[in-house]
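Peer 1: Here it is: the structure, laid out below.
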Amino acid sequence: MFKVKLTLKKSEYNSYIKSIEPELTETFGRSKVYMETDSDNIYIIIKAPDTSSLRASISSITRVLSIVKKIMEVNVW
């Protein structure tokens, strides 16, 4: 079993995470993804049985975060 922990600053990413939280509670293929927080950070933890599924999950999550960040930075509403 492989495990990766992505650490994001709560002050920067809190609104982004709230918009994709339903995505984070689902299973990404063979990987399990969950989220933890403390006073300063948000942690996205990914557990996968092999490196291929781990890489795919990391790629999916970072892609979604990148898209959400770009959309929210446009701020046209």
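Peer 1: Please name all residue pairs, on different chains or six or more residues apart, with Cβ atoms under 6 Å, provided the first residue is in segment 1-12 and is over 13 Å from SER52 (Cα atoms) and the second residue is part of a strand (DSSP E or B) and aromatic (Phe, Trp, Tyr).
Peer 2: Here the result reads LYS5/TYR43; THR7/TYR43, each pair linking segment 1-12 to a residue that is part of a strand (DSSP E or B) and aromatic (Phe, Trp, Tyr).
Peer 1: Same structure again: Just to be sure I understand, how many residues within segment 15-44 are under 18 Å from SER59 (Cβ atoms), in contact with a Lys or Arg (Cβ under 9 Å, 6 or more places away or on another chain) and not hydroxyl-bearing (Ser, Thr, Tyr)?
Peer 2: Residues in segment 15-44 being under 18 Å from SER59 (Cβ atoms), in contact with a Lys or Arg (Cβ under 9 Å, 6 or more places away or on another chain) and not hydroxyl-bearing (Ser, Thr, Tyr): 4 in total.
Peer 1: Right, next: Being touching a helix residue (DSSP H, G or I) at 6+ places or on another chain (Cβ under 9 Å) and more than 20 Å from GLU12 (Cα to Cα) is the filter here; which residues of segment 34-59 pass it?
Peer 2: Scanning segment 34-59 gives ILE46, LYS47, ALA48.
Peer 1: Taking segment 59-77 only, how many residues are polar (S, T, N, Q), loosely packed, with under 12 Cβ neighbours inside 10 Å and under 13 Å from the mean Cα position of the chain (by Cα)?
Peer 2: Residues flagged as polar (S, T, N, Q), loosely packed, with under 12 Cβ neighbours inside 10 Å and under 13 Å from the mean Cα position of the chain (by Cα) within segment 59-77 amount to 2.
Peer 1: Only residues that are in a strand (DSSP E or B), modelled with pLDDT of 90 or more and crowded, with 19+ Cβ neighbours inside 10 Å: list them for segment 32-58, please.
Peer 2: ILE42, ILE44, ILE46, ALA48
Peer 1: Among the residues of segment 1-14, which ones are under 28 Å from VAL74 (Cα atoms) and either surrounded by 11 or more Cβ atoms within 10 Å (Cβ to Cβ) or of a type outside the set (Gly, Ala, Ser) (or both)?
Peer 2: Across segment 1-14, the qualifying residues are LEU6, THR7, LEU8, LYS9, LYS10, GLU12, TYR13, ASN14.
The values are calculated or read from the model by the stated rules, or taken from the named source; none is laboratory data. It should be emphasised that the depicted structure is a prediction, and the values quoted were computed from it without experimental measurement. All Cβ positions, glycine included, derive from the backbone under ideal geometry; neighbour counts span all protein chains shown.
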